[in-house]
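Worksheet for the structure shown next.
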Amino acid sequence: MAINTKYELKLGAATREAFGKALVELGRTNPNIVALDADLSKSTMTVGFQKEFPERFFECGIAEANMAAIAAGLASAGKIPFASSFSAFMLNKGFEQLRVTAAFPRVNVKVVGTHSGISIGEDGPSQMSVEDLSLACSLAGFTVLSPADEVSMVALVKQAAAMFGPVFIRAGRIKCPLIYAADQTFTIGKAIELVSGTDVTLIATGLLVAESIKAAEALEAEGISAAVLDIHTIKPLDREAIAKAAQKTRALVVSEEHLVDSGLGVRVAQIVSETTPAAMEFVGVVDTYAESGAPDELLDKYGLRAVNVVAAAKRALARKKAGS
Amino acid sequence: MLKTSDPTELAAISKKMRRQVIEMITEAKSGHPGGSLSAVELLVTLYFDVMRHDPANPKWKDRDRFILSKGHACPILYSVMAECGYCPADQLNTLRKLGSIYQGHPDVRFMPVLEASTGSLGQGVSLAIGMALAAKLDKSPSRTYVVLGDGELQEGQIWEAAMFAGFRKVDNVVAIADNNGIQLDGFTKDIMDLEPLADKWRAFGWHVIEVNGHDIPALQKAFAEASSTSGKPTALIAHTVKGKGVSFMENNPKYHGQAPTLDEEKRALAELV
Ligand SMILES: Cc1ncc(C[n+]2csc(CCOP(=O)(O)OP(=O)(O)O)c2C)c(N)n1
Ligand SMILES: [Mg+2]
């Protein structure tokens, strides 16, 4: 059973903290691992790597585009660079460089965007990233990871380092619920079914995985059987798992802390329309930039909560019923 | 609004602004005190003496414009604009709270009296050039002032903008570097040294003035020199102290992005009387 406790999710570390920890562990076992940061090492948590391996850490200053291409150069010359900043700056400022110097030649660079989504809180929308999954997925050949908790983050950072090719990893600022037990295994590209169910499938990534688990529990109390799928790999997307879920439940909700019209949801919808049609609903940020506020208040205001997933599931179920 | 060229009055306003910055950030429990405090005299001298603007008519076409490119220092911008009468002073302590017009970084959606939304570093000079070019096309006397962090100067776009303005002789732009020597991860000289900074701007075709950024008469003189310089944009390198005015914050990287505790607030305010 993948879920730690059924009715209560314990708070774990932030995924950025898990990234920082995994990076140090990687540094100890592989001398080819190097890290780059753009004046945010205390926030992205690369500071631990910097302290332990100062000669393998490159502080690039506030110059993300330059950092992206330097990382690509390091990768082209045989290193395994992890370049990190806030996701908003890493991808928006580094996009063209990642496209030309990393994606075209498919170099072995690992790009980490922390402070993703709107749950960063008070700093507000200039520091938030609601389009990073879309941008990262638009880099041809990139693998795109979006772990939901510290256990999956540590495991997937290590797998990203072990595989050859460009990878983007999305991390968050706030502490998030522990989803997985320490011995859980992960495979890049393979979704994980956290809850099984027959009426509707709640597909989610990142923070919305925990919300979807809570939603499944709430639905169960109303006699609705909901499955939950954690999509920790946005690209390549687990076609088989999604087609299977569509076939089995014929009603899907996709939830993400991202613009709803360019993230995981539309990619899932593409697979569903190519395989087994199903009633679909989407939970995410709708065509706006958020604002300053406490993380919890923002998740409430922008509709990224279990209650929103529940409501979406009921809409999907109603359409499924009407269509059958 | 009050306009004054009296350095004593400007210094008194500066002190009041510092108190408000401390109170706002303490109340918000997050924010950037260091870079707000280093820029106090820069903004106070501009808004209360140098700039031609009218809070009663914020969209006056020929106004001088101000861009806080280092948007994280917005507490000082909000304080100064409230003191001018652009926005409510009694709401300053809602900084960073849900629903407040005083967002964590300047956001024109919430405060249309702002000239620009900022927060992603590196873009203000380009924006200022655009406004300055429009003023030239409109034969307007409007000048555009943009305040930059020294860490921010590491962004490549700053130097693309510098090259453009130097080449095109955009002499109605003044770029002000708040040269406080500290950025987020530590001292600028350790992260990515900007020196020789004056030579860099000169090499890009700018008129450079170096000034103590807390010396109000020196700032008044520098802005006057900038206004009378034609054929070249002006870069004002303001030598400042990060956290200026609060002894335990001065030149201390810790207070780049850390709110004062209640006890620290008390100690800070006791120094600002
Ligand atoms: C493009 C971009 N990268 C990173 C950040 C995060 N950040 C906010 S403030 C800061 C340091 C700024 O230092 P400096 O420009 O010297 O400002 P000051 O000392 O005046 O506060 C950083 C890296 C950002 N806001 N924008
Ligand atoms: Mg600085």
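Quick note: the coordinates plus some simple rules give every number you see, no bench work behind them. None of these values were measured; they are calculated from a predicted model. Here the Cβ is made from the backbone with ideal geometry for all residues, glycine too, and neighbour counts use every protein chain on show.
Some observations on this one:
- Counting beta carbons within 10 Å around each of B:D49, A:D123 and listing the fewest first gives the order B:D49, A:D123.
- Candidates A:K314, A:K301, A:K248: whichever shows maximal mean-square fluctuation once chain A is modelled as a Gaussian network with Cα springs under 10 Å: A:K301
- Highest-MSF residue in chain B out of B:P233, B:P217, B:P106 [GNM, Cα springs under 10 Å]: B:P217
- Computed over the Cα atoms of region B:222-273, the ratio of the radius of gyration to the Kirkwood radius (Rg/Rh) comes to 1.24.
- With the convex hull constructed from alpha-carbon coordinates only, the protein assembly as shown shows a mean projected area of 27.9 nm² over all directions.
- Those trypsin sites (Lys or Arg not before Pro) in region B:80-143 that DSSP places in a loop and that have at most 15 other beta carbons within 10 Å: B:R109, B:K139
- Crossing angle, helix A:207-221 versus chain A [Cα axis fit, 0-90 degrees, rounded to tens]: 20 degrees
- Prolate/oblate/rounded call for region B:2-79, Cα gyration tensor, a/c under 1.5 rounded: oblate
- With both residues required to sit in chain B, DSSP beta bridges show an antiparallel share near 5%.
- Placed amide H near A:C176: partners under 5 Å, 5+ positions off or other chain: A:G12, A:A13, A:A14, A:T15
- Within chain A, percent of DSSP bridges classed antiparallel, to nearest 5: 20 percent
- Hydrodynamic radius of chain A by the Kirkwood approach over all distinct alpha-carbon pairs: 19.5 Å.
- Computed E for B:T229/B:S140 - FRET, C-beta separation, R0 22 angstrom, nearest 0.05: 0.75
- Where Rh is the Kirkwood radius over Cα pairs, Rg/Rh for chain B: 0.94
- Between helix A:150-162 and chain A there is an angle of about 50 degrees, using the helix long axis and the longest principal axis of the Cα atoms.
- Modelled FRET efficiency - R0 51 Å, A:A311 with B:T8, Cβ distances, 0.05 increments: 0.25
- Relative frequency of Cα-Cα separations exceeding 29 Å in region A:11-178, percent: 7 percent
- Sorted by Cβ density within 10 Å, fewest first, the residues A:I70, A:I120: A:I70, A:I120
- Choice from B:I209, B:I176, B:I67 with maximal GNM fluctuation in chain B (Cα, 10 Å cutoff): B:I209
- Mean separation of Cα contacts under 8 Å (6+ apart) over length of region B:7-271, as relative contact order %: 24 percent
- With K and R counted +1 and D and E -1, the other residues having a Cβ less than 14 Å from that of B:H53 yield a net charge of +1.
- For region A:174-324, the relative contact order is 25 percent, taking Cα pairs closer than 8 Å that sit 6 or more residues apart in sequence and dividing their mean separation by the residue count.
- Angle between chain A longest axis and helix A:64-76 axis [Cα atoms, degrees, rounded to 10]: 80 degrees
- The magnitude of the dipole of region A:192-323, with charges of +1 and -1 set on the Cβ of Lys/Arg and Asp/Glu and taken from the Cα centre, is near 620 debye.
- Local electrostatic count at B:T234 - Lys and Arg +1, Asp and Glu -1, tallied over other residues with Cβ under 11 Å: 0
- Centroid-to-centroid, using Cα positions, region B:111-166 and region B:203-273 are 19 Å apart.
- Label-point gap, in nm, between B:N251 and A:R106 - each point 7 angstrom along Cα→Cβ: 5.4 nm
- Calculated P(r) of region A:2-95 - Cα pairs past 21 Å, %: 35 percent
- Label point 7 Å beyond Cα of A:A218 along Cβ direction - residues of region A:305-324 with amide nitrogen under 20 Å: A:305-320
- Leading residue at positive end of dipole, chain B (Cβ point charges), from B:Q258, B:A28, B:F167: B:F167
- Relative to its Kirkwood radius, the Cα radius of gyration of region A:192-323 gives an Rg/Rh of 0.95.
- Averaging the sequence gap over all C-alpha pairs within less than 8 Å and six or more residues apart, then dividing by the number of residues, gives chain A a relative contact order of 18 percent.
- In terms of its alpha-carbon gyration tensor, region B:49-105 comes out prolate; a/c meets the 1.5 threshold, and the first ratio a/b outweighs b/c.
- For chain B, the Cβ-based charge dipole about the Cα centre amounts to some 640 debye (Lys, Arg positive; Asp, Glu negative; other atoms uncharged).
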